[in-house]
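The structure appears below as structure tokens.
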Amino acid sequence: MRILIIDDEDSMRHMLSVILKREGYEPVSVADAGRALDLLEADDFDFILCDIRMPGMDGLAFLKALKDRGLARTVIMMSAYGTFDTAIECMKLGAYDYISKPFKADEIVLTVKKAEEREKLKRENQRLKAEALEEYDFTNIYTEDGKMISILGLVKKVADYSTSVLILGESGTGKELVARAIHYGGARAQKPFVTVNCGAIPGALLESELFGHVKGAFTDAHRTKTGLFQEAECGTIFLDEVGELPMELQVKLLRALQEGEIRKVGDTKPVKVDVRVVAATLKDLKEEIRKGSFREDLYYRLNVIEIKLPPLSERPVDIRGLALRFVEKYSRKFGKPPKRVSEEAFAVLEGYGWPGNIRELENVIERAMILEETDTIRPKSLPIAGPDAGPRTTTVAGVAPSVSTATLPATEELSIKRAQEAMERDLIRRALEKTRNNKTKAAEILEISHRALLYKIKNYGL
Ligand SMILES: Nc1ncnc2c1ncn2[C@@H]1O[C@H](COP(=O)(O)OP(=O)(O)OP(=O)(O)O)[C@@H](O)[C@H]1O
Ligand SMILES: [Mg+2]
């Protein structure tokens, strides 16, 4: 990390340089703030240590100049006796921290470390944001299938508008992926994308999750809470599993959509919201309407644009390309070289029914990327290749319904803990088989420590 030190006192510059170098930083020091500005225009520094009282341009003027020139940096001010008020002034002008002179070596090191930590977080945040934009845009939805291509054409067209979109499709067909693409590919991309799983939150709680509540609205409402609708202001709210929405909330959602306003639980006055609603469900909503469990008027509100994603079995041309993309993805994720996929393996993939759709395909490839030791994925690396390849018992990234129920006793099928255990046990057993009981190698493949492996072997009675 490069640090720019600005101080008119030679001894101070020297001392700071020595301390910071010892800590592994790269300090550069200058005696006046004007010169510092020139340096900053030409060169990049991670953060700045700046004295407050200096002849010529002082610390305060320096901060202002930084701002004017658009050179936003993390700045730590050094205030000598009598400049405390100015230090506060500096913080108001955007300085990150200040330290009072005289200070001890470890004091300044601590302050700098804190700033470094923040700098890293800031960068990480920026990176994640850039990644989110990149990861979720349309280029990430792979397809060569004619029907899918025209569906994506529709998705792209609606992205820039604020109309409600309803996405239908079986589990794992990419509903959430499409919802994100609509958001990140549209005019609201820089604003929040908020996901709510309507099936996962109990009805009573869901209302306050969605719309918020005022203090005292119910026994546990100790303070006013902002709902997800308001958190998504100017952005998009993704109502996943919207078919699970209880009737009384359907009415309230309808009102939110119609009037563009919501009401917090326990509040009398409505609040205006500007939120785009994208909803998804694997249920047949028309059937739900017939059964009386979904409101027809809400359906038509949500369904301004309907996007129906075909199951993977209806777009077999995509299996090959998707498999290769997932090989790439997990090779990057695991830091391993990509693997080839043999023609026989492709035939197995293309011959399978994919009840769990793309998510299941992704899990199968992820698993093969972990367990296959050679550079080629073959039928035997795939848990779907028939009886010889072993039971279809594991998924790595999630618990695909088609897979988990095979291993788990019916009464426990919803326990994530048990599903994870079953998955772990199976992965370990396979890793041991592959390595002919070489535990060191098995631990490596499993990416856990040798000790953790020994413990798990004992624990699972393998
Ligand atoms: N066309 C595609 N190209 C690349 N990856 C895809 C595609 N469709 C889906 N995926 C991937 O498959 C996985 C499942 O997709 P997603 O979570 O969007 O499905 P879903 O329809 O929301 O499933 P569920 O109904 O179970 O919630 C994700 O990891 C997603 O990135
Ligand atoms: Mg989903």
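Would you point out which residue out of GLY24, GLY34 is of a type outside the set (A, V, I, L, M) and either in contact with a Pro (Cβ under 7 Å, 6 or more places away or on another chain) or in a helix (DSSP H, G or I) (or both)?
GLY34
Six or more apart or on different chains, Cβ under 9 Å: which pairs go from a residue in the stretch 41-54 that's assigned to a helix (DSSP H, G or I) to one that's open to solvent by 10 Å² or more (accessible area, probe 1.4 Å)? Could you list them?
From the stretch 41-54, the pairs are GLU41/ARG69; GLU41/LEU71.
Can you confirm whether LYS191 is of a type in the set (Lys, Arg) and farther than 22 Å from THR163 by Cβ?
When the stated conditions are applied, LYS191 does not pass them.
Any residue at all in the stretch 199-216 that's more than 28 Å from the chain's Cα centre (by Cα) and either open to solvent by less than 30 Å² (accessible area, probe 1.4 Å) or not basic (Lys, Arg) (or both)?
Yes, the stretch 199-216 contains a residue that is more than 28 Å from the chain's Cα centre (by Cα) and either open to solvent by less than 30 Å² (accessible area, probe 1.4 Å) or not basic (Lys, Arg) (or both).
Go through the stretch 131-222 and tell me which helices (runs of 4 or more DSSP H), entirely inside it, have 2 or more residues that are within 16 Å of ligand 2 (Cβ to nearest atom) and not aliphatic (A, V, I, L, M).
Correct list: 175-184.
Could you look through the stretch 428-455, keep only residues that are among the hydrophobic types (A, V, I, L, M, F, W, C) and free of Cβ contacts under 8 Å to residues at least 60 places away in the same chain, and pick out the one that is farthest from TYR330 (Cα to Cα)?
In this case the residue turns out to be LEU454.
Among TYR96, TYR142, which is the only one that is touching a residue at least 40 places away in the same chain (Cβ under 8 Å), aromatic (Phe, Trp, Tyr) and closer than 30 Å to ILE76 by Cα?
The unique qualifying residue is TYR96.
For the stretch 55-79, how many residues are touching a residue at least 24 places away in the same chain (Cβ under 8 Å), open to solvent by 40 Å² or more (accessible area, probe 1.4 Å) and not in a helix (DSSP H, G or I)?
Final tally of qualifying residues: 6.
With the checklist (1) more than 16 Å from ligand 2 (Cβ to nearest atom); (2) farther than 19 Å from PRO383 by Cβ in hand, flag the one item LYS308 doesn't pass.
(1)
Please pick out the residue among TYR136, TYR161 that is surrounded by fewer than 18 Cβ atoms within 10 Å (Cβ to Cβ) and over 24 Å from MET1 (Cβ atoms).
None of the other options fit; the residue is TYR161.
The rows are residues; the columns are (1) among the aliphatic types (A, V, I, L, M); (2) out of contact with any helix residue (DSSP H, G or I) (no Cβ under 8 Å at 6 or more places or on another chain); (3) without any contact (Cβ under 8 Å) to a residue 12 or more places away in the chain.
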{"position": "GLU107", "(1), (2), (3)": "no, yes, yes"}
{"position": "LEU121", "(1), (2), (3)": "yes, yes, yes"}
{"position": "ALA130", "(1), (2), (3)": "yes, yes, yes"}
{"position": "ALA200", "(1), (2), (3)": "yes, yes, no"}
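For (1) of a type in the set (Gly, Ala, Ser); (2) open to solvent by less than 60 Å² (accessible area, probe 1.4 Å); (3) more than 22 Å from VAL317 (Cα to Cα), each residue gets a yes or a no:
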{"residue": "LYS329", "(1), (2), (3)": "no, no, no"}
{"residue": "ARG332", "(1), (2), (3)": "no, no, yes"}
{"residue": "PRO338", "(1), (2), (3)": "no, no, no"}
{"residue": "GLU343", "(1), (2), (3)": "no, no, no"}
{"residue": "GLY353", "(1), (2), (3)": "yes, yes, no"}
{"residue": "ILE370", "(1), (2), (3)": "no, yes, yes"}
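With the structure loaded, tell me whether ALA256 is away from ligand 1 (no atom under 14 Å from the Cβ) and within 30 Å of PRO383 (Cα to Cα) or whether it fails that test.
no
Answer yes or no: is there a residue in the stretch 146-154 that is more than 12 Å from ligand 1 (Cβ to nearest atom) and farther than 23 Å from ARG276 by Cβ.
yes
Since ARG418 meets every condition but one in (1) charged (D, E, K, R); (2) surrounded by fewer than 15 Cβ atoms within 10 Å (Cβ to Cβ); (3) at pLDDT 50 or above; (4) more than 16 Å from ILE370 (Cα to Cα), which condition does it not meet?
Looking at each condition in turn, ARG418 falls short on (2).
Output the residues belonging to the stretch 220-238 that are buried (at least 21 other Cβ atoms within 10 Å of the Cβ) and more than 19 Å from LYS272 (Cβ to Cβ).
PHE238
Could you give every pair whose Cβ atoms fall below 7 Å, whose first residue belongs to the stretch 221-242 and is closer than 20 Å to LEU285 by Cβ, and whose second residue is small (Gly, Ala, Ser) and open to solvent by less than 10 Å² (accessible area, probe 1.4 Å), counting only separations of at least 6 or pairs across chains?
PHE238/ALA179; LEU239/ALA279; ASP240/ALA280; VAL242/ALA279; VAL242/ALA280
Going by the conditions given, is LYS286 under 30 Å from ARG378 (Cβ atoms), open to solvent by 40 Å² or more (accessible area, probe 1.4 Å), touching a Phe, Trp or Tyr at 6+ places or on another chain (Cβ under 9 Å) and of a type in the set (Lys, Arg)?
Against the criterion (under 30 Å from ARG378 (Cβ atoms), open to solvent by 40 Å² or more (accessible area, probe 1.4 Å), touching a Phe, Trp or Tyr at 6+ places or on another chain (Cβ under 9 Å) and of a type in the set (Lys, Arg)), LYS286 does not qualify.
Given the conditions (1) of a type outside the set (S, T, N, Q); (2) in a loop (DSSP other than H, G, I, E, B); (3) at pLDDT 95 or above, which single one is not true for PRO383?
(3)
The values are calculated or read from the model by the stated rules, or taken from the named source; none is laboratory data. Remember, predicted model here, so these are calculated numbers, not experimental data. Positions of Cβ are backbone-derived with ideal geometry, glycine not excepted, and every protein chain shown enters the neighbour counts. Note: areas computed on protein heavy atoms with side chains; ligands, DNA, RNA excluded. Shrake-Rupley method; radii C 1.70, N 1.55, O 1.52, S 1.80 Å.
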